[in-house]
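Enquirer: Before anything else, here's the structure in question.
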Amino acid sequence: MSYARWVAGIARHHRAILAASAALAVLSLLSLTRLRLDIDVLNMLPRGQPAFDDFKAFVADFGKLDELLVLVDGGSAIELRGFVDAIAPRLAALDTIADVHARIDTTQVMDGILGTYLFNYLPEDAYAQVREQLSAENIDRQVEIDRAILSAPFDLTSTRAVADDPLGLRRLAGQHLADAYSDAAPALDAGYFTARDGGALLVFVRPKTSAFDVPAIEHLMDEISGAVAATQHELGASGIRVRYTGSYLFALEDAATFKADIARYTILALLGVLTIFYLGYGNLRALPFVTYPLVVTTLVTFALSL
């Protein structure tokens, strides 16, 4: 077929060609609904190769800190504790959440850190105090103190403390541990992760989904927001504020930034191409003939890439 016959055929069937291309563009436009922004670098690694698969498995088990940090403030200490006690089981019941840490058992922590691993938390500069504490004179004095404590009626808490730490070494290690953290760590008031001034509580949430799965994170945050709103309504605690941070929120912010950058780049690139054609032809009449095939081919190319 000669070039002239080909051009003549296009001229005769230009309406059909336009209609077909428009329909193809609309169908290709539907592919944008399946657009998914994957920001997980691990998904870019090759699959099916032992070295990469083992590395991804290792990172999945040991390398990630996928936690959602929930900050609760805007009320008195009693109101904040009541709200946290109410929201924690509600969050734990969600199918998107694996675990919720709103309060710790300080007795269990003491038994673990300052029980089994007590001597790990006695620094070298405390050895002199330990030596003095274990002298015969101080042991006799400590025994007398322990007897006085044990003779107090109905004081089971003190009895447990004496049984766990008869020589006072746990108190010594605990003091050094507290001094090491200074003001950097939150207060553990009644087991809650509390700000130093008591004006905020911290809750640690561990979701089941990856911190890079943006659609799953959006679903997760919708469920959490619903649980928070329901708890505020039940308790009449509309003044209490709940805010979030952590890797899951970072992923949402990154995804929003990427999408905005892609949209901005697409528009600027289209305008740039059209500007070049305008400078080349010197009028605007050629722009529709350039814009239409450019948009159609872009949409079709994206659909084929999916």
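The values are calculated or read from the model by the stated rules, or taken from the named source; none is laboratory data. This structure is a prediction, so every number in the text was calculated from the model and none was measured. Cβ: placed from backbone, ideal geometry, glycine included. Neighbour counts: every protein chain shown.
Enquirer: If you check Val205, Val228, which single one turns out to be within 29 Å of Ile78 (Cβ to Cβ), assigned to a strand (DSSP E or B) and either modelled with pLDDT of 85 or more or of a type outside the set (Asp, Glu) (or both)?
Expert: On the way: Val228 fails: assigned to a strand (DSSP E or B).
Of Val205, Val228, the one residue that is within 29 Å of Ile78 (Cβ to Cβ), assigned to a strand (DSSP E or B) and either modelled with pLDDT of 85 or more or of a type outside the set (Asp, Glu) (or both) is Val205.
Enquirer: Does Thr266 qualify as being modelled with pLDDT of 85 or more, within 31 Å of the chain's Cα centre (by Cα) and among the hydroxyl-bearing types (Ser, Thr, Tyr)?
Expert: Details: modelled with pLDDT of 85 or more: no; within 31 Å of the chain's Cα centre (by Cα): yes; among the hydroxyl-bearing types (Ser, Thr, Tyr): yes.
Against the criterion (modelled with pLDDT of 85 or more, within 31 Å of the chain's Cα centre (by Cα) and among the hydroxyl-bearing types (Ser, Thr, Tyr)), Thr266 does not qualify.
Enquirer: Inside the range 262-294, can you point out the residues that are within 18 Å of Ala19 (Cα to Cα) and exposed (fewer than 14 other Cβ atoms within 10 Å of the Cβ)?
Expert: First, pick out the residues of the range 262-294 that are within 18 Å of Ala19 (Cα to Cα): 288-294.
Result: Pro288, Phe289, Pro293.
Enquirer: Still on this model: Considering each of Asp40, Asp73, Asp66, Asp54 in turn, give the residue that is within 18 Å of Pro207 (Cα to Cα) and either at pLDDT below 75 or more than 16 Å from the chain's Cα centre (by Cα) (or both).
Expert: Details: Asp73 fails: within 18 Å of Pro207 (Cα to Cα); Asp66 fails: either at pLDDT below 75 or more than 16 Å from the chain's Cα centre (by Cα) (or both); Asp54 fails: within 18 Å of Pro207 (Cα to Cα).
Just a single option satisfies the conditions, and that option is Asp40.
Enquirer: Only one of Phe250, Phe258 is surrounded by 12 or more Cβ atoms within 10 Å (Cβ to Cβ), of a type in the set (Phe, Trp, Tyr) and over 30 Å from Arg81 (Cα atoms). Can you tell me which?
Expert: Values: Phe250 fails: over 30 Å from Arg81 (Cα atoms).
Just one listed residue meets the conditions, Phe258.
Enquirer: Taking only pairs six or more apart or across chains, which ones have beta-carbon atoms under 7 Å, a first residue in the range 139-153 that is surrounded by 10 or more Cβ atoms within 10 Å (Cβ to Cβ), and a second residue that is of a type in the set (S, T, N, Q) and at pLDDT below 75?
Expert: Once the first residue is surrounded by 10 or more Cβ atoms within 10 Å (Cβ to Cβ) and sits in the range 139-153, its partners that are of a type in the set (S, T, N, Q) and at pLDDT below 75 give Ile149/Ser158; Leu150/Thr159; Ala152/Ser158.
Enquirer: Regarding the range 90-101, can at least one residue be identified that is modelled with pLDDT of 75 or more, charged (D, E, K, R), within 19 Å of the chain's Cα centre (by Cα) and surrounded by 10 or more Cβ atoms within 10 Å (Cβ to Cβ)? Walk me through it before giving the result.
Expert: Of the range 90-101, the ones modelled with pLDDT of 75 or more are 90-101.
Add one more test, that the residue is charged (D, E, K, R), and what stays is 90, 95, 99.
Next, only the ones that are within 19 Å of the chain's Cα centre (by Cα) stay: 90, 95, 99.
Now restrict to residues that are surrounded by 10 or more Cβ atoms within 10 Å (Cβ to Cβ): 90, 99.
Looking for residues that are modelled with pLDDT of 75 or more, charged (D, E, K, R), within 19 Å of the chain's Cα centre (by Cα) and surrounded by 10 or more Cβ atoms within 10 Å (Cβ to Cβ), one finds at least one in the range 90-101, hence yes.
Enquirer: Just need a number here: residues in the range 231-259 that are of a type in the set (S, T, N, Q), within 20 Å of Asp99 (Cβ to Cβ) and not in a helix (DSSP H, G or I).
Expert: As a first pass, look at the range 231-259 and keep what is of a type in the set (S, T, N, Q): 231-232, 238, 245, 247, 257.
Retained after the next criterion (residues that are within 20 Å of Asp99 (Cβ to Cβ)): 231, 245, 247.
Imposing the further condition that a residue be not in a helix (DSSP H, G or I) reduces the set to 245.
Adding up the residues that qualify gives 1.
Enquirer: I'd like to verify a number: residues in the range 198-243 that are touching a strand residue (DSSP E or B) at 6+ places or on another chain (Cβ under 7 Å) and surrounded by 17 or more Cβ atoms within 10 Å (Cβ to Cβ), how many?
Expert: The qualifying residues number 10.
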